[in-house]
Amino acid sequence: MRQTCIHPSDISAFRVRDRLANVMKSTISEPKVWIQPNFEVYIESDLYPAQILSKLAPLTDVVKEDQVIILKLKKEKVAASAARDKAPDIVSLLQSVSSRELPRNVLTELNAWNSHAGMFTLYEGFSLLEEARALPEADEYTLKRISPNIRLIHSADKLFSRLEDAGWVPLSANHQDSALVQLPEGACTVFRRKSAMPISRSPKKAILSRKTNIVHYFPSEELYEIFVRKLIEAKGPFEVNKAGLSIIVSPKSDALIKEIIKELRKDYHISIEDME
């Protein structure tokens, strides 16, 4: 059998890049992933990183597709993914693909986003069945066992009739949208009854601490400096506000102010006026 070799006729030369050489040698390096503090995800890979992208696609938007692919983590997508049944742990997933530790602010925000992922299922047309003893008649009507003595059931009217035929004395309660119907006394139920008598509670004791100070405002910087110097000499406790030309003392230390006023009576006629 004759083998035909085909040679390019219009190409005088071509270059083999490192990527092709690595593919031929089977030495392709693992993709490198960096998650930035601004929630962007950088992916550098010799080949298209389909596996990593499939993991990150539900959590991100594509910012740029080039030699380095840039994705952006989105709060709504992270929360929606965390709310799905059997969803992987988002933080563990990102740590497994990242080439270095996740930034602290990203970890904090991811935990906050996950807290918005609460999900509940609303059942319509179903009822709760409480049983003090095992009721095999209810097995075929049971959708879910919530606890050993509470079931979520369908076709409550049919089950009610079947229990009566079996000799049981079932009790039916149709609760309102705004409140639960109170069951009669003696009924077996795990739900709390409304207490007839209000529970009296003694008031809690609390002590508030209060401190009263006296503030003296001075008409001039000269007089202010004199009082500050004399208070320092008397070693009395006080606080100053030079910008406001004021001195703050406690009621006990206010006697020092009055003594200084007496000392200065030859040079100053000082009187004190209370401010409202």
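Test SER202 against the stated conditions and say whether it is under 30 Å from PHE227 (Cβ atoms), exposed (fewer than 10 other Cβ atoms within 10 Å of the Cβ) and either at pLDDT 75 or above or among the aliphatic types (A, V, I, L, M) (or both). Break it down into steps so the answer makes sense when it comes.
Working: under 30 Å from PHE227 (Cβ atoms): no; exposed (fewer than 10 other Cβ atoms within 10 Å of the Cβ): yes; either at pLDDT 75 or above or among the aliphatic types (A, V, I, L, M) (or both): yes.
No: the conditions fail for SER202.
In the stretch 246-261, which residues are closer than 14 Å to VAL215 by Cβ and assigned to a loop (DSSP other than H, G, I, E, B)? Within the stretch 246-261, SER250, PRO251, SER253 meet the criteria. Collect the residues in the stretch 228-261 that are more than 20 Å from MET275 (Cα to Cα), of a type in the set (Lys, Arg) and surrounded by fewer than 16 Cβ atoms within 10 Å (Cβ to Cβ), keeping them in residue-number order. ARG229, LYS235, listed by residue number.
Considered as a group, the residues in the stretch 209-224 that are out of contact with any Phe, Trp or Tyr (no Cβ under 8 Å at 6 or more places or on another chain) and of a type in the set (A, V, I, L, M, F, W, C) include one that is nearest to TYR268 (Cα to Cα), and that residue is VAL215. Within the stretch 235-245, is there a residue that is over 18 Å from PRO219 (Cα atoms) and part of a helix (DSSP H, G or I)? Looking through the stretch 235-245, none of the residues is over 18 Å from PRO219 (Cα atoms) and part of a helix (DSSP H, G or I).
Looking at the stretch 202-227 only, could you name the residues that are more than 21 Å from MET275 (Cα to Cα) and either touching a Pro at 6+ places or on another chain (Cβ under 6 Å) or of a type outside the set (D, E, K, R) (or both)?
Initially, the stretch 202-227 is screened for residues more than 21 Å from MET275 (Cα to Cα), giving 202-209, 222, 225-226.
Result: SER202, PRO203, ALA206, ILE207, LEU208, SER209, ILE226.
Taken over the stretch 41-71, the criterion of being touching an Asp or Glu at 6+ places or on another chain (Cβ under 7 Å) and more than 18 Å from SER99 (Cβ to Cβ) is satisfied by VAL63 alone.
Which of the numbered conditions does ARG193 fail, given that it passes all the others? Conditions: (1) of a type outside the set (Gly, Ala, Ser); (2) in contact with an Asp or Glu (Cβ under 6 Å, 6 or more places away or on another chain); (3) modelled with pLDDT under 85. Status for ARG193: all satisfied but (2). For the stretch 31-40, a tally of residues being in contact (Cβ under 8 Å) with a residue 40 or more places away in the chain and in a strand (DSSP E or B) returns 4.
The values are calculated or read from the model by the stated rules, or taken from the named source; none is laboratory data. Since we're looking at a predicted model, the values are computed, not measured. Backbone-built Cβ (ideal geometry, glycine too); neighbour counts: all protein chains shown.
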